[in-house]
């Protein structure tokens, strides 16, 4: 699975959009981009994933560049409860894959009032 | 219906003792995983299982043993606990289907003294 690079920390004002970047320059054509977050002391929580099209769900939006070498997770209206560590993971999904997730260091997002 | 349950939530044990951490799921997901989380290392995969009686090593398997005789249970055993195994342990499950997310338990905080 391809390696990802994320900034170690970011701040965001409450109510504003939080844009979390992720570089995955070695991503291959069949690798998906997944985002998870971990709120203090809890187990990681799935947010969203995508292959090459932009995706949106009730939690966030995922913007993947056309060359797929980077992506951005967008939390449109950050709240204090969004303070967490956000992990960007690339993973092959397909027959024979193990389903395992390899976590990097993630980005610690601090939402401030 | 708890979905995925880890027990115990907290455990203190002595060096050299055997300790087993339990993970139980009610979904019948094929995949199950064990991770440990330490300050400065993030989440690291210990072992995973694709189905009953099928297990494989992750990134940091040394000192741990797993079994999966039933789909719903995936116990992790430390055969002779060491202080370096003091950590928070997370269990996770995932369906066999492609493009599906993993679900994590609430974690077990293990202290080896």
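What follows draws every value from the coordinates through simple rules; no lab data is involved. Fair warning: this is a prediction, and the values are worked out from it, not measured in the lab. Here Cβ is always computed from backbone atoms with ideal geometry, including for glycine, and neighbour counts include all displayed protein chains.
Panel values: chain A, Kirkwood radius from alpha carbon pairs, Stokes-Einstein at 20 °C and 1.002 mPa s, translational diffusion coefficient 152 µm²/s.
Of the residues B:39, B:76, B:21, the one that moves most in a GNM of chain B with alpha-carbon contacts below 10 Å is B:39.
Extending 7 Å from Cα along the Cβ direction at residue A:57 and again at residue A:16 yields two label points whose distance is 2.7 nm.
Per the Debye calculation on chain B with a single equal scatterer at every Cα and no solvent contribution, log₁₀ I(q)/I(0) for q = 0.12, 0.20, 0.24 Å⁻¹ amounts to -0.37, -1.04, -1.45. The simple spin-label model puts a point 7 Å past each Cα toward its Cβ; for residue B:59 and residue A:81 those points are separated by 3.0 nm. Calculated on C-alpha atoms, the gyration radius of the protein assembly as shown divided by its Kirkwood radius gives an Rg/Rh of 0.98. A simple spin-label model places the labels of residue B:22 and residue B:41 2.6 nm from each other, with each point 7 Å out along Cα-to-Cβ.
If R₀ is 41 angstrom, what is the calculated FRET efficiency for the pair residue A:65 and residue B:84, using the beta carbon separation as r and rounding to 0.05?
On the way: r = 40 Å, r/R0 = 0.99.
Efficiency, rounded to the nearest 0.05: 0.50.
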